[in-house]
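Structure first, then comments.
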Amino acid sequence: MGSVELPAEALYGAQTQRAINNFPISGQLLPISFIKALLLAKWAAAKTNATLDLIPANMAQSIAMAVERLLNDPELMQHFPVDIYQTGSGTSSNMNANEVLAGLASKVYGQPVSPNDHINFGQSSNDIIPSVIHISAAIELDAELIPALQHLASCIRKKATSLSGNVKTGRTHLMDAMPVTMAQSLNAWASLIEQHIRQLQQLQPELQQLVQGGTAVGTGINTHADFSTLFCQKLSILTGIEFKPAVDLFAGISGQSTAVSLSGQLKATATSLMKIANDLRWMNSGPLAGLGEIELEALQPGSSIMPGKVNPVIPEATAMAAAQVIGNDSAITIAAQSGNFELNVMLPLIANNLLSSITLLSNSSRLLADKAITSFTVNQAQLEHALARNPILITALNPVIGYEKAAAIAKQAYKEKRPIIDVAEENTELSRDELSQLLDPARLTKGGL
């Protein structure tokens, strides 16, 4: 293909430079977590090939040392400059890693180490890139997202316990409804998050199945029959996560159903985070013209022109992150349809969006827990004021006076803007004491007749 000029300081080679020249599309690079997982896969491949006597042991050790150097020096990540929007198989990123490792390993080994013949031995972009999508997502799910969601659920549960005595007006359709305790509302949030944790954990065994060893199109050509099993064993020891060979290498190379399933669960998690964020925003609204039930921690000025204004910035940021996760899922869904015959050809997009979603959810979950849930305070006077004037409390009298009469009392209370107990006392034969007991908001949160 002719000569190509490289920067003097570049650790990569001609194939990477061609990719830089060919794909000046977004200026966005694949996530560092993907590059690191790719390097870990190259480490495991080299060690596996040495065990199988396919490359010299000291060459494999030189490759492993090159991997460790790259992982331990953040500055060296600049040598992975390929745009996300590249060849759909991710070949450019695979060769980028092969070239960088070959250059570094050659210096340690004392002899030339080939990007293709040695670093990429027994591999193809067809199997390494789908495998690294699984590896990187499995690592980030285990180390970041699940712990972040567990932290969020724990903080919500703890906050709920501290607010078990606070009763507030419940709302459906954004309209006044039967009362609930703050603890009931918050524990519902925690249960949603715990449900997502369980659903994500159920996907982990499938995510930890790898197609490495399928090489080109899934046949396993040019690699040892034991490569796949040994690769997974060595990678499992290296990462502390149990990886296994996929049941069908052809399916895992041509399709991306596991990535779609994971993305779907990430989207579901995002919808719950957005729900919690918006509940917090509504409860915090005001402080005078809104609900004003809680006060979120003041973190920064809310306006460049209106002095004293403070906005719910953490819930807002969380909601935006959740919206992006939902968008990422749509793109992954479309990308997964591009499994044309034996290979999906939108792998870099899937990798980027999947890892981006995990990062967005991990970071926003921790911020929501630490800077919104844990630190908000309750405006008890506002809760009591709204409860006292809530005509929907009349629902508790349905078994005593009937729905029609209760509705008439509620409408009168709305119209006259009077406490429901006063109107009910005038329109029923129940005493004030009986009404106080029947309409007690705290009692109503317990259900029953």
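Computed from the coordinates by the stated procedures, all read-outs in this text should not be read as laboratory data. The model shown is predicted, which means the values in this text are computed figures rather than measured ones. When we count neighbours, we look across all protein chains shown, and the Cβ atoms used for this are built from the backbone with ideal geometry, even at glycine.
Report the Stokes-Einstein translational diffusion coefficient (µm² s⁻¹, integer) for the stretch 77-227, Rh taken as the Kirkwood radius over Cα pairs, at 37 °C with viscosity 0.692 mPa s.
166 µm²/s
Just subtract the alpha-carbon distance of Asn340 and Ala188 from 0.36 nm times their residue separation and send over the number in nm, one decimal.
50.4 nm
Which residue, chosen from Ile55, Ala148, Gly252, occupies the Cα position most advanced towards the positive end of the dipole of the chain, where the dipole is computed from +1 (Lys, Arg) and -1 (Asp, Glu) charges on Cβ about the Cα centre?
Comparing the listed Cα positions along the dipole, Ala148 ranks first.
Quick one: what Rg and Dmax do you get for the stretch 62-159 from the alpha carbons, in Å?
Both quantities, over Cα of the stretch 62-159: 17.7, 62 Å.
Would you kindly calculate the translational diffusion coefficient of the stretch 1-142, applying Stokes-Einstein with the Kirkwood radius from alpha carbon pairs, for 37 °C and a viscosity of 0.692 mPa s, and quote it in µm² s⁻¹ without decimals?
Roughly 216 µm²/s, to the nearest whole number.
What ranking do Lys267, Lys415 get, fewest neighbouring Cβ atoms within 10 angstrom at the top?
So the residues, fewest neighbours to most, are Lys415, Lys267.
Say the dipole of the chain comes from +1 at the beta carbon of Lys and Arg and -1 at that of Asp and Glu; which of Leu291, Ala64, Thr229 then lies farthest toward its positive end?
Ranked along the dipole, the leading option is Leu291.
Would you work out which of Gly220, Met1, Leu383 lies farthest towards the positive end of the dipole of the chain, given +1 charges on the beta-carbon of Lys and Arg and -1 on that of Asp and Glu, about the Cα centre?
Of the options given, the answer is Leu383.
Treating each Cα of the stretch 389-444 as an identical point scatterer and ignoring solvent, apply the Debye formula and state log10 I(q)/I(0) at q = 0.28 Å⁻¹.
-1.24
If you rank Met95, Met306 by fewest surrounding Cβ atoms within 10 Å, what's the result?
Exposure proxy ranking, most exposed first: Met306, Met95.
Between Gln150 and Thr172, what is the FRET efficiency for a Förster distance of 25 Å, r being their Cβ-Cβ separation, to the nearest 0.05?
The calculated FRET efficiency here is 0.25.
For the pair Lys405 and Arg443, how long in nm is the line joining their label points, each one 7 Å along Cα→Cβ?
The answer from the label model is 1.8 nm.
Give the calculated FRET efficiency between Asn22 and Lys275 to the nearest 0.05, with a Förster radius of 45 Å applied to their Cβ-Cβ distance.
E(calc), rounded to 0.05, equals 0.55.
Using DSSP H assignments, which helices in the chain have an axial alpha-carbon span of 15 Å or above and a mean Kyte-Doolittle hydropathy of -0.5 or higher?
For the chain, where a helix must reach 15 Å along its axis and average at least -0.5, the hits are 32-51, 57-72, 91-109, 125-140, 146-162, 182-207, 227-239, 257-284, 313-336, 347-368.
Please report, to two decimal places, log10 I(q)/I(0) for the stretch 155-222 at q = 0.16, 0.25, 0.26 Å⁻¹ as given by the Debye formula with identical point scatterers on the Cα atoms and no solvent.
So the normalised log intensities work out to -0.70, -1.01, -1.04.
If you take the Cα Rg of the stretch 205-315 and divide it by 2.2 N^0.38 Å, with N the number of residues, what do you get?
That works out to 1.88 for the stretch 205-315.
So how do Phe34, Phe376 line up by other beta-carbon neighbours within 10 Å, fewest first?
Phe376, Phe34
Let me understand the chain better: what is its radius of gyration from the alpha carbons, and its Dmax, in angstrom?
29.4, 100
So, with +1 on the Cβ of K and R and -1 on the Cβ of D and E, and no other charges, what is the size of the charge dipole of the chain about its Cα centre, to the nearest 20 debye?
620 debye
Taking 8 Å as the Cα distance limit and 6 or more residues as the minimum spacing, I'd like the relative contact order of the chain as a percentage.
Reported as a whole number, the value is 17 percent.
Roughly how many debye, to the nearest 20, is the charge dipole of the stretch 311-449 about its Cα centre, given +1 on each Lys and Arg Cβ, -1 on each Asp and Glu Cβ, and no other charges?
160 debye
Can you give the extra length, in nm with one decimal, that the chain gains between Tyr85 and Arg198 once fully stretched, where that is 0.36 nm per residue apart less the Cα-Cα distance?
This chain segment gains 37.4 nm when fully extended.
Which FRET efficiency value, to the nearest 0.05, is calculated for Gln380 and Ser257 with the Förster distance at 60 angstrom and r the Cβ-Cβ distance?
E(calc), rounded to 0.05, equals 0.75.
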